[in-house]
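J.: Shown below is the structure under consideration.
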Amino acid sequence: MTTISSSSLPAVHDDTILRLALAAHLARYKGQSRDHVHSDLRSFLTWCHQRDLAPLAANWPQIELYVRWMQEVQHYKPSTVSRRLSVIVGFYRTCVIDHILEHSPADYVRRPPAPSTAQPTTDPVDQSC
């Protein structure tokens, strides 16, 4: 298992509160889940850094722009966009629970449509008679 520290995340305005928030959020996971959450957070933080945006100061439209960037620029599959958005929503929810933010900027971000994974059921009775 890889040990992940908040220092391995991109420096975003060298914000101590952000680093503590990231560490607190990552501490809620273990194993591969933690690795995946770390990767998704790193992607979001890199996107923020490239736009000179402090993640803890982000607002709803900026989170929407991140989703559109994943869809239209990166061409991620809907399942990938949905998963990465879920990580961001979870991070901001943790920030609210930990009293770092008053409310989450990701609460009302529209989820991208994802194809249904349910397989159609077939009737076990053959009705061809």
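The values are calculated or read from the model by the stated rules, or taken from the named source; none is laboratory data. These numbers were taken from a predicted model, which means no experiment stands behind them. We place every Cβ from the backbone using ideal geometry, glycine too, and count neighbours over all the protein chains shown.
J.: Go through the range 96-115 and give me each residue that's within 15 Å of the chain's Cα centre (by Cα) and surrounded by 12 or more Cβ atoms within 10 Å (Cβ to Cβ). Step through it out loud before you land on a result.
T.: At the first step, the residues of the range 96-115 found to be within 15 Å of the chain's Cα centre (by Cα) are 104-112.
Across the range 96-115, the qualifying residues are 104, 105, 106, 107, 109, 111, 112.
J.: Another one. From (1) closer than 19 Å to residue 63 by Cβ; (2) at pLDDT below 95; (3) out of contact with any Ser or Thr (no Cβ under 7 Å at 6 or more places or on another chain), pick out the condition that doesn't hold for residue 10.
T.: Unmet for residue 10, out of (1) closer than 19 Å to residue 63 by Cβ; (2) at pLDDT below 95; (3) out of contact with any Ser or Thr (no Cβ under 7 Å at 6 or more places or on another chain): (3).
J.: Does residue 41 satisfy being modelled with pLDDT of 95 or more and of a type in the set (A, V, I, L, M)? Don't jump to the end; show me each part of the working.
T.: Values: modelled with pLDDT of 95 or more: yes; of a type in the set (A, V, I, L, M): yes.
Taking the combined requirement at face value, the residue satisfies it.
J.: Only one residue in 84, 93 is surrounded by fewer than 18 Cβ atoms within 10 Å (Cβ to Cβ) and in a helix (DSSP H, G or I). Which one?
T.: Details: 84 fails: surrounded by fewer than 18 Cβ atoms within 10 Å (Cβ to Cβ).
So the residue among 84, 93 that is surrounded by fewer than 18 Cβ atoms within 10 Å (Cβ to Cβ) and in a helix (DSSP H, G or I) is 93.
J.: Filter the range 31-81 down to the residues that are out of contact with any Pro (no Cβ under 6 Å at 6 or more places or on another chain), surrounded by fewer than 16 Cβ atoms within 10 Å (Cβ to Cβ) and outside any helix (DSSP H, G or I) and list them by number.
T.: Once the filter is applied, which keeps residues that are out of contact with any Pro (no Cβ under 6 Å at 6 or more places or on another chain), surrounded by fewer than 16 Cβ atoms within 10 Å (Cβ to Cβ) and outside any helix (DSSP H, G or I), the range 31-81 yields 51, 52, 54, 74, 75, 77.
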